[in-house]
Amino acid sequence: MMIKSVSVSPFDDQKPGTSGLRKSVVVFQQPHYLECFVQAIFNSVPGLAGNTLVLGGDGRYHNAEAIQTILRMAAAHGIKKVLVGQYGLLSTPAASAVIRKYQAAGGIILSASHNPGGPDGDFGIKFNSANGGPAVESLTEAMYANSQQLTEYQIIESEPVDINEQGPSQLGEMQIEVIDPVSDYSELMASLFDFDAIRQMFRKGFRIRFDAMHAITGPYAREILERELGAEAGSVINAVPKTDFGGGHPDPNLAHAKELVTEMYSAHAPDMGAASDGDGDRNMILGQHFFVTPSDSLAVLAANATLVPGYASGLAGVARSMPTSQAVDQVAKELGIACYETPTGWKFFGNLMDGGHITLCGEESFGTGSDHVREKDGLWAVLFWLNILAVEGDSIKQIVQQHWSRFGRNYYTRHDYEAVDAERASELMLRLEGKLEYLIGTAPNGLHITAADNFAYTDPVDGSISHKQGLRILFADGARIIYRLSGTGTQGATLRIYVEVYEQAASKQEQDTQQALAPYIQLALELAQVPTYTAMNKPTVIT
Ligand code: VG1
Ligand code: CO
């Protein structure tokens, strides 16, 4: 086996964001670009050589080529064995499950998640550690630092490896095992949920529509929902993964999963609607003529967890990202368990789960998960809901409304301003941050501000501190306005504004969300002079 050292000059833009390194496909297609980042991973993660690595992706454009490059670099780095998903496919939660099950030293996941794919779309790469979770911040910083000083990378020369057939093969001295991307994951799901109860519900005529959005969850959802649980054939739509996601935006929300939303609001709507994103870690849950906000979904799962076999003994604690609504906090209070507030991104939940501090966690961005893996998990959330429905016998709408009457309702929305001029977006944030201390104790538009800051988080397990995680404005009545710049976008800047209002009175829980939040949305625009800085008079996406 000939190991070749290739001399390179470093790329200056290989700084991982909220979830790995995401760039347009064209950036990744530059000669040596992917190789440099992979070498930075290998140089920064101790103990990969001589150990097992998991490799797979969401199947988007450039996935197949990138897999071949990484295999040849892994062989040059002295990796002992690579477990690679058949056809190069592995959903993000399945990759996490496989890393944990086979005690791999880590995994490389190729995905830009909910970002569009295809030659003009985005590509991405991230490293997950031996616990199955995204590399923590200190490690992603080490990768970036390494990428800035890189002078060479190592690769072997070889013919492309056949990853279309399951089974073992060899690349130089490295073993390769092409694995079924679905079976380890579906086995794990069967160990957590009452599949018999769900089967019985389907047998009685329960109908689900699952929109895989032409992305990775198609094969997983077909296998588990249709084959194992007996949902009607055709329940899973857009089930064949495409390299460009059928030209769509594989983001399960009201704006992008239009086909599903239209059906769920039609006269013949199925009992449940669900969708997942490009890499299978997000989920959207809908009932008949009813949308469950992700923050509410997390709270409902937490409140009903003991109905599900895998969580029957109760929850150690829960966590949510800072911008996520405080609905789950109400549940934690009542259950008498801890509730942690972390910065945006799944990497902050790993330590809490490893330390046994939390069992469930979630984000407002359609992400929910538990300590069964170290990623958010789209299909898992759908199965969790199915299990609750099978036990309760109520509709999704009833379950959520009962939840509100017990815990109160957290009205919640996120307004995104995409592709804003990056400099103007930072100016907006800087100017607003400068104003925050003067806002405390004032009542603009009659809304009483009690606190305002730039959120910082101290990890209770390793003591690491993450600064500047979003501007928060907190109000006397429990309402919040939060501003962040996205760390996953690839064009200009994306400004996210999150608004939340708590309503305990049952008589006021049936309002339209945008109307209920209107005074705070208005104030959010005024305080940050959003139209002026973004040159937009309305958000590009509202969720
Ligand atoms: C977004 C979401 C965040 C999520 C991240 C990765 O990040 O807001 O909650 O963890 O995407 O999800 P940002 O920095 O753009 O706001 V995924 O499914 O894209 O891996
Ligand atoms: Co995702």
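Select, from G132, G124, the only residue that is touching a residue at least 12 places away in the same chain (Cβ under 8 Å), on the phi < 0 side of the Ramachandran plot and within 16 Å of ligand 2 (Cβ to nearest atom). Steps first, please.
Details: G132 fails: on the phi < 0 side of the Ramachandran plot.
Result of the check over G132, G124: G124.
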Look through region 481-515, keep the residues that are within 27 Å of the chain's Cα centre (by Cα) and assigned to a helix (DSSP H, G or I), and return whichever of them is farthest from ligand 2 (Cβ to nearest atom).
-> Q514
Is it the case that D244 is farther than 20 Å from I198 by Cα, acidic (D, E) and either within 17 Å of the chain's Cα centre (by Cα) or within 16 Å of ligand 1 (Cβ to nearest atom) (or both)?
-> no
Checked against (1) surrounded by 24 or more Cβ atoms within 10 Å (Cβ to Cβ); (2) away from ligand 1 (no atom under 13 Å from the Cβ); (3) assigned to a strand (DSSP E or B), D453 satisfies every condition except (1)
Among the numbered conditions (1) more than 12 Å from ligand 1 (Cβ to nearest atom); (2) in the same structural domain as V236 (by TED's automatic domain parsing); (3) of a type in the set (A, V, I, L, M, F, W, C), tell me where F349 comes up short.
-> (1)
Which residues, taken from region 322-345, are within 19 Å of the chain's Cα centre (by Cα), open to solvent by 10 Å² or more (accessible area, probe 1.4 Å) and within 19 Å of V461 (Cβ to Cβ)?
-> Y340, E341, T344
Would you check which residues across region 270-313 are over 22 Å from Q511 (Cβ atoms), open to solvent by 10 Å² or more (accessible area, probe 1.4 Å) and either free of Cβ contacts under 8 Å to residues at least 24 places away in the same chain or within 16 Å of ligand 1 (Cβ to nearest atom) (or both) and list them?
-> R282, T306, A312, S313
Kindly list the number of the only condition in (1) assigned to a strand (DSSP E or B); (2) closer than 26 Å to S183 by Cα; (3) basic (K, R) that fails for R60.
-> (1)
Considering only residues that are open to solvent by less than 30 Å² (accessible area, probe 1.4 Å) and touching a helix residue (DSSP H, G or I) at 6+ places or on another chain (Cβ under 8 Å), look in region 245-269 and name the one that is nearest to R222 (Cα to Cα).
-> P252
Test for A231: is it within 15 Å of ligand 2 (Cβ to nearest atom), crowded, with 24+ Cβ neighbours inside 10 Å and free of Cβ contacts under 8 Å to residues at least 60 places away in the same chain | no
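Show me the strands (runs of 3 or more DSSP E) found entirely inside region 260-323 where at least 2 residues are closer than 19 Å to H372 by Cβ.
Details: elements: 272-276, 283-287, 290-292, 317-321.
Per the criteria, 272-276, 283-287, 317-321.
Going through region 105-145 one residue at a time, which ones are hydroxyl-bearing (S, T, Y) and within 12 Å of ligand 1 (Cβ to nearest atom)?
Residues of region 105-145 hydroxyl-bearing (S, T, Y): 111, 113, 129, 138, 140, 144.
If the condition is that a residue be hydroxyl-bearing (S, T, Y) and within 12 Å of ligand 1 (Cβ to nearest atom), then S111, S113 are the ones that fit.
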Restricting region 346-362 to residues that are open to solvent by less than 10 Å² (accessible area, probe 1.4 Å) and farther than 19 Å from N128 by Cα, which is nearest to ligand 2 (Cβ to nearest atom)?
-> L360
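Say we look at region 135-144 and pick out the residues that are more than 14 Å from L34 (Cα to Cα) and either touching a residue at least 24 places away in the same chain (Cβ under 8 Å) or in contact with a Cys (Cβ under 8 Å, 6 or more places away or on another chain) (or both); which of these is most open to solvent (accessible area, probe 1.4 Å)?
Among residues in region 135-144 that are more than 14 Å from L34 (Cα to Cα) and either touching a residue at least 24 places away in the same chain (Cβ under 8 Å) or in contact with a Cys (Cβ under 8 Å, 6 or more places away or on another chain) (or both), the one most open to solvent (accessible area, probe 1.4 Å) is S138.
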Would you tally the residues in region 367-383 being open to solvent by 10 Å² or more (accessible area, probe 1.4 Å) and either within 11 Å of ligand 1 (Cβ to nearest atom) or aromatic (F, W, Y) (or both)?
-> 1
Just one of (1) surrounded by 14 or more Cβ atoms within 10 Å (Cβ to Cβ); (2) out of contact with any Gly (no Cβ under 8 Å at 6 or more places or on another chain); (3) at pLDDT 95 or above trips up T532, so point out which.
-> (1)
Cβ pairs under 9 Å, 6+ apart, first in region 83-105 and among the aromatic types (F, W, Y), second in a loop (DSSP other than H, G, I, E, B) = Y87/G59; Y87/I163; Y87/N164; Y87/P181; Y87/P241
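The values are calculated or read from the model by the stated rules, or taken from the named source; none is laboratory data. These numbers were taken from a predicted model, which means no experiment stands behind them. As a convention, Cβ positions derive from the backbone with ideal geometry for all residues, glycine included, and neighbour counts pool all protein chains shown. These area figures cover heavy atoms from the full protein model, side chains too; ligands, DNA and RNA do not enter into them. Shrake-Rupley method; radii C 1.70, N 1.55, O 1.52, S 1.80 Å.
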